[in-house]
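Below is one structure, written out as structure tokens, with a few remarks after it.
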């Protein structure tokens with residue numbers, strides 16, 4: 001009789017354990033099956049990624065080589081905390097006539113912030129006007145690389161305003177209320193005397 005009761009107790013205990021294991025296994029499986037990936041932070045790095053991408057776009061190694069007309073130069077300390085990679089070239093046209101070009105990206109030790117593009121000519125209005133048209137094409141390339149869109153007509157017209165003749169003016173869009181042109185964008189014409197015409201285009205890269 002005692003053996004029968006002992007056997008019955010053992011069977012009940014075993015059945016209880018099997019049931020417990022089964023439930024535990026089932027609950028574990030259900031929990032795994034119903035797990036929803038935690039994506040709350042999936043986009044948390046997006047601003048950082050965008051910032052890194054933008055900074056890479058303003059990397060000196062890239063910007064200093066944006067214009068194939070110029071030989072890229074070393075991006076190095078210019079003065080104070082300002083760095084640049086100034087590249088210059090001269091085209092001798094004979095008879096003392098020439099075209100001087102300067103491409104100067106400028107910024108901090110880590111990124112380029114602004115660009116100066118300058119053309120100087122002591123030629124006839126016809127030759128200088130063609131040089132100004134070339135300047136516009138270079139400006140278009142720079143603007144496309146920075147803003148991924150065409151150079152605004154306002155800037156083009158201002159670059160060509162001299163029509164090949166020396167003049168003095170300074171167009172700055174910083175204080176234009178209804179202008180879509182970014183601030184700190186400017187076009188300067190300088191009559192340097194002795195028939196020398198200088199045109200400078202300056203703008204800050206997109207941020």
Working only within segment 150-161, note down all residues that are outside any helix (DSSP H, G or I) and either at pLDDT below 95 or under 21 Å from residue 195 (Cα atoms) (or both). 160, 161
Answer yes or no: is there a residue in segment 121-129 that is modelled with pLDDT of 95 or more, more than 24 Å from residue 90 (Cα to Cα) and surrounded by 14 or more Cβ atoms within 10 Å (Cβ to Cβ). no
Could you tell me whether residue 165 is in contact with a helix residue (DSSP H, G or I) (Cβ under 6 Å, 6 or more places away or on another chain) and modelled with pLDDT of 95 or more? yes
Kindly provide the set of residues from segment 80-103 that are assigned to a loop (DSSP other than H, G, I, E, B) and within 21 Å of residue 143 (Cβ to Cβ), ordered by number. 85, 86
Applying the selection to segment 164-200, what residues are touching a residue at least 40 places away in the same chain (Cβ under 8 Å) and under 21 Å from the mean Cα position of the chain (by Cα)? 184
Being under 14 Å from residue 63 (Cα atoms), assigned by TED's automatic domain parsing to the domain that holds residue 65 and not in a strand (DSSP E or B) narrows it down to one residue among 106, 129, 144; which is it? 144
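The values are calculated or read from the model by the stated rules, or taken from the named source; none is laboratory data. Just so we're clear, the structure is a prediction, and the values are computed from it rather than from any experiment. Glycine also receives a Cβ, built like all others from the backbone with ideal geometry; neighbour counts cover every protein chain displayed.
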